[in-house]
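Each remark here refers to the structure printed beneath this line.
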Amino acid sequence: MKPIFPKSLDFIVRAIGAFLGISILVGVAAYTYFTMPVVIDTGYRPVQPVPYSHKLHAGNLGMDCYYCHNTVTKAGHAAIPATETCMNCHTRVKSDSSALAPIRASYATGEPVKWAKVHSLPDYAYFNHSAHVTAGVSCVSCHGRVDQMVEVTQVKPLNMGWCLDCHRNPAPNVRPAEFVTKLDWEPPAGKTATEIGLEIVKAKGLNPPVNCGGCHR
């Protein structure tokens with residue numbers, strides 16, 4: 001009996017099946033990669049209502065992070081500076097700059113400037129700035145060298161795996177607390193940052209939680 005379909009069709013069906021299988025695997029791999037926090041979150045740089053340059057203020061002028069973010073040692077959140085903080089200088093410095101018009105308007109009306117948040121954690125993740133800063137975790141560890149950024153950019157993924165890596169081995173990210181905001185800090189000659197971190201971890205008895213309840217409360 002003559003076959004209904006030619007033998008070549010069997011090869012075509014298998015080839016199509018293999019192609020579809022490979023396509024699905026590639027699609028899953030691509031989706032997994034491109035939705036990872038390190039890919040979709042790092043590099044985030046929102047447009048701000050005022051072109052504030054951290055490189056100018058924290059870098060060139062040497063302003064300490066504490067001057068603007070003055071709650072990081074005593075509160076769970078790093079405060080966005082009040083307009084009055086900006087006007088401490090800008091009543092005299094560049095007081096007529098058009099770029100600072102939103103600041104002056106905020107100062108006159110009492111309405112806060114609507115800054116765009118760069119680093120954001122989900123509501124189900126608990127994070128306390130003061131616990132980390134007082135332990136000796138520098139701004140650099142999570143935010144990078146903001147003193148070199150004209151526009152602040154998220155440089156770390158801030159995902160669970162990244163946090164756990166530090167909690168399991170905090171020493172490389174720990175320094176003397178008085179140098180937490182000295183973003184260009186280097187360890188003294190003869191010691192590495194990790195060696196100093198290990199000493200601080202031991203002296204302070206630091207034991208960051210790695211169980212679910214540590215961050216999901």
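The values are calculated or read from the model by the stated rules, or taken from the named source; none is laboratory data. Just so it is clear, the model here is predicted, and its values are computed rather than measured. Every residue, glycine as well, gets a Cβ built from its backbone with ideal geometry; the counts of neighbours run over all protein chains shown. Only protein heavy atoms, including side chains, enter the accessible area calculation; ligands, DNA and RNA are left aside. Shrake-Rupley method; radii C 1.70, N 1.55, O 1.52, S 1.80 Å.
Among the residues of segment 187-209, are any open to solvent by 50 Å² or more (accessible area, probe 1.4 Å), free of Cβ contacts under 8 Å to residues at least 24 places away in the same chain, assigned to a helix (DSSP H, G or I) and among the basic types (Lys, Arg)? Within segment 187-209 (the criterion being open to solvent by 50 Å² or more (accessible area, probe 1.4 Å), free of Cβ contacts under 8 Å to residues at least 24 places away in the same chain, assigned to a helix (DSSP H, G or I) and among the basic types (Lys, Arg)), the answer is yes, since at least one residue qualifies. Helices (runs of 4 or more DSSP H) fully within segment 101-169 that include at least 2 residues being out of contact with any His (no Cβ under 9 Å at 6 or more places or on another chain) and open to solvent by less than 40 Å² (accessible area, probe 1.4 Å): 129-135, 160-168. Asp123 meets each of the listed conditions (1) in contact with a strand residue (DSSP E or B) (Cβ under 9 Å, 6 or more places away or on another chain); (2) without any contact (Cβ under 8 Å) to a residue 24 or more places away in the chain apart from (1).
Within segment 170-186, being in a loop (DSSP other than H, G, I, E, B) and either open to solvent by 80 Å² or more (accessible area, probe 1.4 Å) or closer than 22 Å to Tyr66 by Cα (or both) holds for Arg175, Pro176, Val180, Thr181, Lys182, Leu183, Asp184, Trp185, Glu186. Please tell me if Ser95 is open to solvent by less than 70 Å² (accessible area, probe 1.4 Å) and not in a loop (DSSP other than H, G, I, E, B). Answer is no for this residue. Considering Val174, Val140, the condition of being in contact (Cβ under 8 Å) with a residue 24 or more places away in the chain and either closer than 27 Å to Ala116 by Cβ or among the hydroxyl-bearing types (Ser, Thr, Tyr) (or both) is satisfied by Val140 alone.
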